[in-house]
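The values are calculated or read from the model by the stated rules, or taken from the named source; none is laboratory data. What you see is a predicted model; the values in this text were computed from it and never measured. Counting neighbours? That spans all protein chains shown, and the Cβs are built from the backbone with ideal geometry, glycine included. Please note that ligands, DNA and RNA were not included when accessible areas were found on the heavy atoms of the full protein model with its side chains. Shrake-Rupley method; radii C 1.70, N 1.55, O 1.52, S 1.80 Å.
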Amino acid sequence: MGLGLLASRALRPAASRLLRYPPRHGLARAIGSTPERQSPEASAAQAQPDPAPELPPRKPVAGARVHLPNPEDAIEVFVDGYPVKIPKGMTVLQACEVAGVDIPRFCYHNRLSIAGNCRMCLVEVEKSPKPVASCAMPALPGMKIKTDTPIAKKAREGVMEFLLMNHPLDCPICDQGGECDLQDQSMAFGSDRGRFTEVKRSVVDKNLGPLVKTVMTRCIQCTRCVRFATEIAGVQDLGVLGRGSGEEIGTYVEKLMTSELSGNVIDICPVGALTSKPFAFKARNWELKGTETIDVTDAVGSNIRIDSRGPEVLRILPRLNEDINEEWISDKTRFCYDGLKRQRLNDPMIRGADGRFQAVSWHDALAMVGEVIHKVGPEEIVGVAGKLSDAESMMALKDFLNRMGSNNVMCEGNGKHPNADLRSGYIMNTGIAGLEKADVFLLVGTQPRVEAAMVNARIRKTVRATHAKVGYIGPPTDSNYDHEHLGTGPQTLTELAEGRHPFCSTLKNAKNPAIIVGAGLFEREDSDAIFSAIETIAKNGNVVRPDWNGYNVLLLHAAQAAALDLGLVPQSPDSIKSAKFVYLMGADDINLKDIPDDAFVVYQGHHGDQSVYRANVILPASAFSEKEGTYENTEGCIQQTLPAVPTVGDARDDWKIVRALSEVAGVQLPYDSVGGIRSRIWTVAPNLVSVDEREPTTFSTTTMRPNTNQKISPNDFGMAVENFYMTDAITRASKIMAQCSAMLLKK
């Protein structure tokens with residue numbers, strides 16, 4: 001390709017000129033003169049080149065955007081003759097993306113560090129003696145980049161031939177087939193045949209645990225998974241062993257990959273080396289129907305895509321949302337889907353005199369509930385919304401019980417006496433993406449790694465990028481970033497509030513301090529005193545200012561924020577202990593011992609979980625993957641689920657069941673459609689109908705909350721989440737989550 005090609009290119013124009021004119025015989029030479037040659041001005045005018053034609057505007061690749069904070073620092077480069085303005089520090093590959101040119105790559109990923117070891121992104125740069133790796137080469141002012149020349153094409157073809165040299169021809173049996181970068185790029189940039197005739201090398205497969213399947217012979221050593229584990233997940237589980245043809249990706253001393261984000265290596269692996277173990281050999285990607293929805297297993301509201309075939313959910317993948325989960329999701333979100341088809345409630349059931357359940361029609365079940373509810377007093381009726389409830393169902397439940405004369409409606413996880421007066425007192429005021437602006441974190445009674453894995457990933461990203469300091473008050477925890485363990489309980493909190501702790505100076509000297517309070521503190525008897533002390537710390541540390549509100553509450557469940565917005569606050573904190581009629585709408589984690597033995601219990605939900613054993617009547621409801629529902633995440637962003645699969649058996653949407661029951665009970669609710677119930681929600685909490693928007697808080701809880709006379713208990717803070725993999729009815733029904741719990745949590 002080197003000297004021979006260059007020589008042939010240099011000689012080709014000369015040869016064409018020689019062939020253009022017939023050879024002249026004899027010594028005669030014609031001499032001519034034209035007016036242009038006689039006039040110097042005319043010849044100068046003719047010598048000026050024609051103005052360059054205007055190139056049509058190009059669309060950046062995958063919606064790539066350029067932010068120029070200081071236009072003076074922008075530089076101009078030329079990609080295939082097209083001028084592009086980019087900020088200093090951008091690479092050649094990023095400049096090409098802005099110019100609308102998609103450069104092939106395997107090892108480069110825009111959220112990981114640059115490795116530059118696959119060489120697939122080679123381009124030609126003017127005045128460079130050989131093709132350069134565009135992912136690692138910084139763009140310089142005036143640089144002329146050529147992406148479509150014969151030299152660049154030949155270089156990519158050669159790289160692809162080397163990559164395929166040892167790659168097995170597994171495409172017919174590989175789960176990555178149909179969505180494989182190696183397939184796509186070998187078709188687009190590879191040769192039509194290979195010249196390698198020797199024996200291909202093979203590699204022993206590694207055991208990474210119950211979630212990630214490995215076929216390491218397919219690995220092309222792009223090291224994306226190694227960089228993800230080290231940089232994003234914060235675990236040193238994966239590494240490169242050996243060199244040359246013996247280079248392998250593996251774990252140290254046969255260790256499993258224990259990170260809560262391990263499933264993301266499946267998405268970033270460009271070949272079929274790392275695939276989903278539960279999804280293995282289940283379906284091809286072109287057979288699946290994708291539904292864009294959100295996750296409800298925690299309060300983050302990660303954006304996901306549910307892939308289904310017929311009535312069954314076969315896998316869950318992340319969707320890009322820079323403000324919430326970027327392009328990652330936790331393992332619980334990704335692999336809990338098999339719980340959606342196990343232990344489901346199919347038909348309405350009534351417990352007979354012998355204690356056994358028998359299936360009945362909807363008419364009979366609702367008639368029985370309507371008859372019993374009229375036999376008890378209004379103050380003896382209690383409703384509890386579960387942690388997976390949507391805003392529509394909670395609004396319907398509250399309206400129904402209010403019409404029955406009861407104000408005792410509550411939500412799981414919000415405690416006995418929640419303060420729902422000011423939104424700033426129970427949401428994350430900085431926002432999840434806004435945490436990246438903080439330079440000091442104070443974590444109080446929260447373990448983000450198990451409570452909200454995507455918030456924890458954002459904190460780790462900030463600590464790595466800006467060396468932000470993290471102080472932590474709570475039980476000993478396994479964190480994946482440097483932090484200072486200040487104490488285990490309220491005693492440390494009191495010292496901070498009174499300014500006696502060394503960490504106070506760190507908070508005061510910070511530019512943007514952030515306090516993150518765990519929602520597990522809602523369940524404490526002294527929660528008001530705890531929050532009062534935290535607000536004193538916020539005042540003293542200048543945490544809340546007109547330009548920055550660093551006071552954050554990290555919620556645990558998908559229903560909590562919307563429940564507090566809608567006012568699901570019980571009139572009496574201990575009303576459930578004296579109740580005669582208890583309506584449990586998906587509430588599986590309440591203490592069943594608090595319910596009196598003579599109480600009539602209605603359980604409305606989608607899984608046969610813990611509360612079913614106490615129920616007198618069971619009403620089957622649809623899960624989040626089968627209905628359209630509104631949820632508010634921990635930062636106050638409103639999002640909606642969409643139905644991906646049909647409902648199971650005779651199940652119905654939660655709000656429709658409550659609406660039908662209200663009619664049977666003689667207190668008919670004034671809406672019978674999703675639009676009607678959302679109009680009702682708009683009158684109570686208008687922010688809940690602004691989908692994909694985050695309504696900022698108006699008042700700060702640190703200045704508006706009334707003083708409390710409560711005393712702080714000396715008891716240490718506890719763990720809000722004991723088992724990361726089993727936190728609700730869906731994950732507890734999941735076989736995959738049970739395997740993870742058994743294998744990855746054993747000490």
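Taking a straight line from the alpha carbon of residue 469, these lysines sit under 26 Å away, with near neighbours fewer than eight places off in the same chain left out: 437, 461, 508, 511, 539. Sorting 213-221, 601-609 by their mean Cβ neighbour count within 10 Å, with the most densely packed peptide first, gives 601-609, 213-221.
The string of couplings for the range 122-139 from the Karplus curve (6.51, -1.76, 1.60, θ = phi - 60°) is 5, 9, 9, 10, 4, 6, 9, x, 8, x, 10, 6, 5, 6, 10, 8, x, 6 Hz, one whole number per residue in order, with x for Gly and Pro.
Taking a ≥ b ≥ c as the square roots of the eigenvalues of the Cα gyration tensor, the range 550-645 is classed as oblate, since a/c reaches at least 1.5 and a/b does not exceed b/c. Reducing the range 616-660 and the range 142-203 to their Cα centroids gives an inter-centroid distance of 46 Å. Across the range 91-102, rounded Karplus estimates of 3J(HN,Hα) from the backbone phi angles (6.51 cos²θ - 1.76 cosθ + 1.60, θ = phi - 60°) give 8, 4, 4, 5, 4, 5, 5, 5, 7, x, 10, 8 Hz, Gly and Pro being marked x. Give the cross-link partners of residue 277 among the lysines, using a straight C-alpha distance below 16 Å as the criterion and excluding same-chain residues fewer than 8 apart. Partners within reach: 206, 213, 332, 735.
Extension gain for the segment residue 421 to residue 511, taken as residue separation times 0.36 nm less the Cα-Cα distance, is 29.5 nm to one decimal. Counting only lysines at least 8 places from residue 577 when in the same chain, those with an alpha carbon closer than 17 Å to its own are 416, 593. Relative to the 2.2 N^0.38 Å rule of thumb, the chain has a C-alpha radius of gyration ratio of 1.19. Taking every full run of DSSP H in the chain, the ones that stretch at least 15 Å from end to end by Cα along their long axis and average 0.0 or higher on the Kyte-Doolittle scale are 3-20, 150-165, 362-373, 527-540, 654-664, 674-684.
Where the accessible area of the range 58-165 is counted over protein heavy atoms with a 1.4 Å probe, how much of it, in %, is carbon and sulfur?
55 percent
Applying a DSSP loop filter and a limit of 16 other Cβ atoms within 10 Å to the GluC sites (Glu not before Pro) in the range 92-147 leaves 126. Net charge in the neighbourhood of residue 587 (other residues with Cβ under 10 Å of its Cβ; Lys, Arg +1, Asp, Glu -1) is -3. Under 5 Å from the amide H of residue 346 lies no amide H of any residue 5 or more positions distant or on a separate chain, with H modelled from the backbone and absent for Pro and chain starts.
Assuming R0 = 51 Å, can you tell me the calculated FRET efficiency for the pair residue 202 and residue 114, based on Cβ-Cβ distance, to the nearest 0.05?
0.95
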